[in-house]
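S.K.: Before I ask anything, here is the structure I am working with.
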Amino acid sequence: MNSAIVTLILLVISNVFMTFAWYGHLKLSSSGVSSNWPLYWVILLSWGIALLEYCFQVPANRIGFEGNGGPFSLIQLKVMQEVITLVVFVIFSLWAFEGFRLQWNHILAFFFLVAAVYLVFMK
């Protein structure tokens, strides 16, 4: 499979785990599952999920980085990762949190991030 596609797939999977590690505990708390857990248990749970994130993020960067034979520069990897993070976050938030709404300024900010991806790929 093409290293660019493998990199993108790994970045998406990584960001799914990252979003659950960073924001999933908020959903668990609001649903009553972890509302009485001590903070250190929430941190340990998040770290465990974040470990899975790193298991996909690190290979994505190694495979995708032009210094290792991949197609992307460091800045291209970073900007792509940020846009993927935003897309995954929005999908997760719409699914997990009642009352989460996208507003015009959120959509405009997203447009500017997509424009940033376009700009870093310009020759």
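S.K.: Evaluate the Kirkwood expression for the hydrodynamic radius of region 63-123, namely the inverse of the mean inverse distance over all pairs of different C-alpha atoms, and round to one decimal in Å.
M.R.: After inverting the mean inverse Cα-Cα distance, the result is 13.0 Å.
S.K.: Return the carbon/sulfur percentage of the accessible area of the chain, one whole number, probe 1.4 Å, all protein chains in place.
M.R.: Carbon and sulfur atoms account for 72 percent of the accessible area of the chain.
S.K.: Mind checking the angle between helix 3-19 and the chain's longest principal axis? C-alpha axes, 0 to 90 degrees, to the nearest 10.
M.R.: Computed tilt is about 20 degrees.
S.K.: Additional query: Sequence-distant or interchain residues sharing an amide H contact under 5 Å with GLY70, placed H: which?
M.R.: Amide H neighbours of GLY70, under 5 Å, 5+ apart: PHE65.
S.K.: May I ask you to work out the translational diffusion coefficient for the chain at 37 °C, viscosity 0.692 mPa s, via Stokes-Einstein with Rh from the Kirkwood sum over Cα pairs, reported in whole µm²/s?
M.R.: In µm²/s, the coefficient is 207.
S.K.: Now for a separate question. With angles folded into 0 to 90 degrees, how steeply does helix 104-121 sit against the dominant principal axis of the chain? Use alpha carbons for both and round to 10.
M.R.: Tilt relative to the chain: about 30 degrees.
S.K.: For the chain, take the longest principal axis of its alpha carbons; what is the angle in degrees between that and the long axis of helix 39-64, to the nearest 10 within 0 to 90?
M.R.: Relative to the chain, helix 39-64 is tipped by roughly 10 degrees.
S.K.: With +1 on each Lys and Arg Cβ and -1 on each Asp and Glu Cβ, how big is the dipole of the chain about its Cα centre, in debye rounded to the nearest 20?
M.R.: 100 debye
S.K.: Ranked from highest to lowest mean number of other Cβ atoms within 10 Å per residue, what is the order of the peptides 63-76, 110-123? List each step's numbers first, then the result.
M.R.: Details: 63-76: 15.4, 110-123: 11.3.
With the highest mean Cβ count within 10 Å placed first, the list reads 63-76, 110-123.
The values are calculated or read from the model by the stated rules, or taken from the named source; none is laboratory data. Everything numeric in this text was worked out from a predicted model, so none of it was measured. Don't worry about glycine lacking a Cβ; one is built from the backbone with ideal geometry, like all the others, and counts go over all protein chains shown. Accessible surface is based on the protein model in full, side chains and every heavy atom, while ligands, DNA and RNA are left aside. Shrake-Rupley method; radii C 1.70, N 1.55, O 1.52, S 1.80 Å.
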